[in-house]
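The values are calculated or read from the model by the stated rules, or taken from the named source; none is laboratory data. As the structure is a prediction and not an experimental result, all values here were calculated from the model. Note that we place each Cβ from the backbone using ideal geometry, even for glycine, and neighbour counts take in every protein chain shown. Only protein heavy atoms, including side chains, enter the accessible area calculation; ligands, DNA and RNA are left aside. Shrake-Rupley method; radii C 1.70, N 1.55, O 1.52, S 1.80 Å.
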Amino acid sequence: MSAPDLKLTPADILSSIEGLVAAESDPIANMANIAAVLFEALPRINWAGFYLMRGNELVLGPFQGRVACTRIAIGRGVCGTAAAERKTQRIDDVHSFPGHIACDAASASEIVVPLIRDGVVLGVLDIDSPETARFGDEEQTMLEQVVALLLRSGF
């Protein structure tokens, strides 16, 4: 589980991440730090990390949380759907999502933001929560801004 509620606003989280990626151009280092910040700062989540496109599938990248699925086919599960549809997927109840991949049975809701540069899907940012309907508009906007920062940092 992530740390207790640190009372950080989405603007605080975004500012922290902006400072980290401004000083570093390596995408793996930036993804690792972003996953760590999100895991520590977002209350009531149990996984935060990235899957990266390798050939025609998503492969596990930097993350914080329990052991995760290593490879995900495009179009499969929430992550694969976000990559296939090229849009954020915010799922209130993953158990009702067709084709959900249960890497962690404790996860109840999920938000996945695709990383797209010049029309090419490079990967996804994935956040899971053990709480149903955990993610709202505010988190979605912030996570989409986090992805934009990562893409501008030289990814």
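Annotations
- Annotation for VAL120 and GLU24: the two label points, set 7 Å from Cα along the Cα-Cβ direction, are 2.3 nm apart.
- Amide H contacts of CYS69 (H built 1.01 Å from N, in plane; Pro and chain starts excluded): no residue 5 or more places away or on another chain comes under 5 Å.
- Across region 51-59, rounded Karplus estimates of 3J(HN,Hα) from the backbone phi angles (6.51 cos²θ - 1.76 cosθ + 1.60, θ = phi - 60°) give 10, 10, 5, 9, x, 10, 8, 8, 10 Hz, Gly and Pro being marked x.
- FRET E, pair VAL59, SER96, Förster distance 22 Å, beta-carbon r, rounded to 0.05: 0.25
- Note, ³J(HN,Hα) from phi for region 22-35, Karplus 6.51, -1.76, 1.60, rounded to Hz, x at Gly and Pro: 5, 9, 9, 9, 6, x, 5, 4, 5, 5, 4, 5, 4, 4
- Amide proton proximity set for ILE45, modelled H, under 5 Å, gap of 5+: SER2
- Cysteine residues of the chain whose Cβ has no partner cysteine Cβ closer than 4.7 Å: CYS79.
- Euclidean distance of C-alpha centroids, region 7-43 and region 70-119, integer Å: 21
- In order through region 140-153: 3J(HN,Hα) via Karplus (6.51 cos²θ - 1.76 cosθ + 1.60), integer Hz, x for Gly, Pro: 4, 4, 4, 5, 5, 5, 4, 4, 4, 4, 4, 5, 6, 7
- Accessible surface of GLU139, taken over heavy atoms with a 1.4 Å probe and every protein chain present, rounds to 40 Å².
- Sequence-distant residues sharing a close amide H with GLY123 (under 5 Å, placed H): MET53, LEU115
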